Amino acid sequence: MRFTVAIDGPAAAGKGTISKALAARFGFAHLDTGLLYRATGRKVLETGFSPEAAARAVTPEDLARDGLRTQSVAELASQVATIPEVRSALVAFQREFARRDGGAVLDGRDIGTVICPGAEVKLFVTASAEVRARRRFDELRASGQAAEFDDVLDEVLKRDARDMGRADAPMRAAADAVLIDTSEMDIETALAAAVAVVAAGLEGAGA
Ligand code: CDP
């Protein structure tokens, strides 16, 4: 069975948690596409490759390495993600993943719009910038990284502006995406909303 769930949205809106939980619940494979851009940014730094060459050289093993989740790697990721040659070098891997047998969940910024416009289910998961910054701040503190709330909020706003403002594949909801605003939701409520959309999609696909 081929069945693609495309989940887009800004940083710390809850899409990672929702994607992982949906994949576990329905037995689908999961790809956090942000890791591709993070691994590309880090490879540029470590090897001196051009961003495009780094994107071409990224392997599945690179996605499993430690240290990709830091704020500094996120910043590098959002810079290389503005380069069209980087984005196109990463398209084939994502599309192949999306059509693998058994179903797939991909989360990112342009999955429903550019990578998988024909996805059976599309979600756009969002929340206010303040709520997202608070969640990211709590995560950083919990993992022992030093952080100030105002800096985290600045970082979130800067990355939102770059992700929405870039010319190639800007972050936006596909016209046929279901919007889930998690600002006032706990994770169980948000997940229940997402599960209902996927279940309806599976039923519609006759799966
Ligand atoms: O986890 P968080 O939302 O903070 O970041 P991420 O999903 O790992 O993405 C890091 C950066 O990669 C984002 O700020 C985007 O600039 C870029 N990205 C993208 O352009 N397209 C995607 N499909 C996924 C990530």
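The values are calculated or read from the model by the stated rules, or taken from the named source; none is laboratory data. Since this is a predicted model, take the numbers as computed values, not measurements. Cβ atoms come from the backbone with ideal geometry, glycine included; neighbour counts cover every protein chain shown. Surface accessibility is based on the protein's heavy atoms, side chains included, excluding ligands, DNA and RNA. Shrake-Rupley method; radii C 1.70, N 1.55, O 1.52, S 1.80 Å.
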| remark: With Ser88 itself left out, Lys, Arg at +1 and Asp, Glu at -1 over residues whose Cβ is under 14 Å from its Cβ give 0
| message | Straight-line reach only, C-alpha to C-alpha below 15 angstrom: list the aspartates and glutamates that Lys20 could link to, leaving out same-chain residues fewer than 8 apart. | response | Asp8, Asp32, Asp107, Glu188
| task | Give me the percent of the accessible area of the chain that comes from carbon and sulfur atoms, probe 1.4 Å, all protein chains in place. | result | 54 percent
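Where does each of Met171, Met185 land when they are ordered by accessible area, with a 1.4 Å probe and the largest first?
Met185, Met171
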| request: Could you tally the net charge around Ala194, taking each other residue with its Cβ under 10 Å from the Cβ of Ala194, Lys/Arg +1 and Asp/Glu -1? | output: +2
| remark: The set of residues whose placed amide H lies less than 5 Å from the amide H of Thr126, leaving out same-chain residues fewer than 5 positions away, is Ile180, Asp181, Thr182
| said: From the phi angles alone, apply the Karplus equation (6.51, -1.76, 1.60; θ = phi - 60°) to segment 161-171 and give each ³J(HN,Hα) in whole Hz, x where the residue is Gly or Pro. | reply: 4, 5, 5, 7, x, 5, 6, 9, 6, x, 5
| note | Under the Karplus relation with 6.51, -1.76 and 1.60 and θ = phi - 60°, whole-Hz ³J(HN,Hα) for segment 3-12, x at Gly and Pro, equal 7, 10, 10, 9, 10, 10, x, x, 4, 6
| request: Heads up, I need the accessible area for Leu106: 1.4 angstrom probe, whole protein in place, Å², nearest 10. | output: 0 Å²
| query | In what sequence, largest accessible area first, do Arg166, Arg99 appear using a 1.4 Å probe? | reply | Arg99, Arg166
| task | Starting from the Cα gyration tensor of the chain, take the square roots of the eigenvalues, sort them a ≥ b ≥ c, and report rounded, prolate or oblate (rounded when a/c is under 1.5, otherwise prolate if a/b is larger than b/c, else oblate). | result | oblate
| task | For segment 173-188, take each phi angle, set θ = phi - 60°, evaluate the Karplus expression 6.51 cos²θ - 1.76 cosθ + 1.60, and give the result in whole Hz per residue in order, putting x for glycine and proline. | result | 6, 5, 4, 9, 7, 8, 8, 10, 9, 8, 3, 10, 10, 7, 5, 4
| Under a 1.4 angstrom probe, counting protein chains only, how are Arg162, Arg25, Arg42 ranked by accessible area, largest first? | Arg25, Arg162, Arg42
| request: Over the chain, give the accessible area per residue in Å² for a 1.4 Å probe, as an integer. | output: 47 Å²
